[in-house]
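One structure is given below, encoded as structure tokens.
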Amino acid sequence: MRHILHADFDAFYASVEQRDDPELRGKPVVVGGSPDSRGVVASASYEARRFGVRSAMPMRTALQRCPQAKRVRPRFDRYSQVSRQLMAILRELSDLVEPLSLDEAYLDVTGAVASGRPPGEIAAELRTRVRAELGLTISVGVATSKSVAKIASDIDKPNGLTIVPPGAERAFLAPLAIEKLWGIGPKTAARLRREGIGTIAELAARPREWWAARFGKTGPHLRHLALGEDDSPVVEHRERKSVSAETTLAEDTGDPGVLEELADRLSQSVARHLERAELRGRTVKLKLRLSDFTTFTRQVTMPRPVDAPEDIAHAARTMLRRELQPGRQFRLVGVGVSGFERPEDQPMQPRLAGFE
Ligand code: TTP
Ligand code: CA
């Protein structure tokens with residue numbers, strides 16, 4: 001059995017703005033684009049939500065509903081920074097962390113629970129630490145699956161903690177509205193309601209055939225979710241520290257032409273991987289192994305982060321040439337780039353449209 005936490009910042013962007021500017025605390029705050037340029041609300045403080053303001057609503061509408069609301073332009077760099085801080089705290093509690101977006105993540109704490117710590121205690125520590133160290137509140141759901149943990153974290157927002165004990169999944173879901181389930185959007189929900197299905201219990205009571213007829217391929221999966229069954233694992237997203245490639249030569253050589261060409265090829269491979277991962281780094285490293293197995297590295301810091309094959313190759317060749325001496329034979333060459341400007345574990349870019 002797994003033990004999973006789902007953590008989600010409350011009113012994320014708006015709370016960060018309120019934390020950073022005491023003037024905004026306790027007041028309705030909307031973060032998003034200007035009403036004059038058809039901006040939309042990215043995040044609304046709970047004070048603003050009392051007036052019916054919601055995410056994704058046109059800013060103009062939001063300010064009509066709540067004219068005294070303070071509008072703040074989004075500061076995505078700031079939110080990314082806070083997000084990294086949350087993920088770092090999560091990683092101290094377990095190395096199985098799966099960020100879902102800047103402000104949400106799953107944490108698998110099965111290991112800690114096996115060694116005697118109740119999951120609720122881990123959740124409580126997490127909430128205390130986030131509040132003390134980041135000055136922000138999160139809501140946490142604790143359950144035996146990702147799906148139930150996510151629904152649980154949402155049920156008692158803001159600043160909530162909901163624990164669903166093992167075996168209680170079905171009973172917990174039973175009275176909830178069908179929209180709470182992954183895969184049931186507003187349109188599907190409206191259709192189901194016309195058939196008299198409004199709660200997850202009513203949905204869960206449907207026979208297998210009904211699910212297949214109604215939802216096709218995803219039917220069986222959805223049915224499991226409605227029954228509180230979900231065995232999808234928490235998939236770790238490790239922060240990548242470097243990208244590198246190396247080759248052991250078929251035969252040791254000191255030939256500058258052969259070695260430089262190899263450095264070029266490795267640089268190209270590294271550049272391709274960097275591009276795919278959308279990473280650029282400031283440090284280029286060259287790894288060399290001599291015929292007597294002595295291994296050493298040389299590195300250079302670039303004036304700007306690089307990802308282009310020619311930049312990496314130029315740096316690698318320059319370092320390589322300095323190591324060539326008559327009689328010196330090499331058996332391995334490696335090239336790597338590190339010192340990334342953007343950590344890879346930012347799961348997604350802020351949704352930019354209309355916010356500026
Ligand atoms: P959410 O978790 O959906 O919203 P929230 O954190 O503001 O509020 P809560 O969880 O308490 O209900 O989204 C997290 C952040 O993502 C949000 O602060 C801003 C951003 N976001 C957008 O930019 N556009 C959107 O349409 C939504 C829904 C969120
Ligand atoms: Ca949130």
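The values are calculated or read from the model by the stated rules, or taken from the named source; none is laboratory data. What you see is a predicted model; the values in this text were computed from it and never measured. Ideal geometry is used to build each Cβ from the backbone, glycine not excepted, and the neighbour counts take in all protein chains shown. Just so you know, the surface numbers come from the protein's heavy atoms only, side chains and all, with ligands and any DNA or RNA stripped out. Shrake-Rupley method; radii C 1.70, N 1.55, O 1.52, S 1.80 Å.
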### Query
In deg cm²/dmol and to the nearest 500, what is the mean residue ellipticity at 222 nm of the chain if only DSSP H runs of at least 4 residues count, each as -39500 (n - 2.57), divided by the residue total?
-11500 deg cm²/dmol
### Task
Send over a whole-number figure in Å² for the accessible area per residue of the chain, probe 1.4 Å.
51
### Query
Pick from LEU134, LEU181, LEU324: which residue has the top mean-square fluctuation in a GNM of the chain where Cα pairs under 10 Å get a spring?
LEU324
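May I ask what percent, to the nearest 5, of DSSP beta bridges between residues of the range 1-166 are antiparallel?
Working: 19 of 25 bridges.
Roughly 75 percent of the beta bridges in the range 1-166 run antiparallel, per DSSP.
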### Query
Could you sort HIS6, HIS237 by accessible area so the largest value comes first, with the probe set to 1.4 Å?
HIS237, HIS6
### Query
For the chain, how big is Rg over Rh, using alpha carbon atoms and the Kirkwood form of Rh?
1.10
### Query
To the nearest 0.05, how large is the calculated FRET efficiency for ALA56 and ASP77 if R₀ is 22 Å and r is the Cβ-Cβ distance?
0.50
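In whole angstrom, how long is each semi-axis of the equivalent ellipsoid of the range 161-258, when you take the square root of 5 times every eigenvalue of its Cα gyration tensor and sort them from largest down? Display every interim value, and only then the final one.
Working: eigenvalues 510, 63, 32 Å².
Equivalent ellipsoid semi-axes, largest first: 51, 18, 13 Å.
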### Query
In the chain, how many lysine pairs have Cα atoms under 20 Å apart, counting only pairs 8 or more places apart or on different chains?
9
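Ignoring ligands, DNA and RNA, what percent of the accessible area of the range 242-345 is carbon or sulfur (1.4 Å)?
On the way: 2460 of 5620 Å².
Whole-percent figure for carbon plus sulfur exposure: 44.
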### Task
List the chymotrypsin sites (Phe, Trp or Tyr not before Pro) within the range 181-248 that fall in a DSSP loop (any state other than H, G, I, E or B) and whose Cβ has at most 16 other Cβ atoms within 10 Å.
TRP182
### Task
Taking the dipole about the Cα centre of the chain, with the C-beta of Lys and Arg at +1 and of Asp and Glu at -1, give me whichever of THR128, LEU161, HIS237 is farthest to the positive side.
LEU161
### Query
What is the spin-label model distance, in nm, from ALA201 to ASP255 if the labels are put 7 Å beyond Cα along the C-beta direction?
7.9
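In the range 1-166, carbon and sulfur make up what percent of the accessible area (probe 1.4 Å)? Mind showing how you got there, number by number?
Values: 3360 of 7020 Å².
Roughly 48 percent of what the probe reaches on the range 1-166 is carbon or sulfur.
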### Task
Enter the accessible area of LYS285 (Å², nearest 10), with the probe set to 1.4 Å and all protein chains included.
80
### Message
Tell me the relative contact order for the chain as a rounded percent, counting alpha carbon contacts under 8 Å between residues six or more apart.
### Response
17
### Summary
Simple spin-label estimate for GLU125/GLU92, 7 Å along Cα→Cβ, in nm, reads 1.0
### Summary
Computed over the range 242-345, the relative contact order (Cα-Cα under 8 Å, seq sep at least six) in percent reads 47
### Query
With the calculation restricted to Cα positions, what are the radius of gyration and Dmax of the range 234-346 in angstrom?
14.6, 53
### Query
With point charges of +1 on the Cβ of Lys and Arg and -1 on the Cβ of Asp and Glu, referenced to the Cα centre of the chain, which listed residue (GLY336, ILE312, SER34) lies farthest in the positive direction of the dipole?
SER34
### Message
Using only the alpha-carbon atoms, what does the range 171-226 span along each of its principal axes? Please give whole angstrom values in decreasing order.
### Response
25, 23, 18
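Mind checking the full-extension length gain between ARG84 and SER338? Use 0.36 nm per residue of separation minus the Cα-Cα distance, one decimal, nm. Mind showing how you got there, number by number?
Values: separation 254, 0.36 × 254 = 91.44 nm, distance 1.83 nm.
Going from the current span to full extension adds 89.6 nm.
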### Query
What is the spin-label model distance, in nm, from GLN325 to GLU310 if the labels are put 7 Å beyond Cα along the C-beta direction?
3.4
### Cα gyration tensor shape of the range 148-190, rounded if a/c is under 1.5, else prolate or oblate by comparing a/b with b/c
oblate
### Query
If you take the square roots of the eigenvalues of the alpha-carbon gyration tensor of the range 1-151 and sort them as a ≥ b ≥ c, do you get rounded (a/c under 1.5), prolate (a/b over b/c) or oblate?
prolate
### Query
For the chain, with only Lys/Arg (+1) and Asp/Glu (-1) charged at the beta-carbon, what is the dipole magnitude about the Cα centre, in debye rounded to 20?
1160
### Message
To check you understand DSSP bridge types, tell me what percent of the beta bridges within the chain (both residues inside) are antiparallel, rounded to 5.
### Response
90
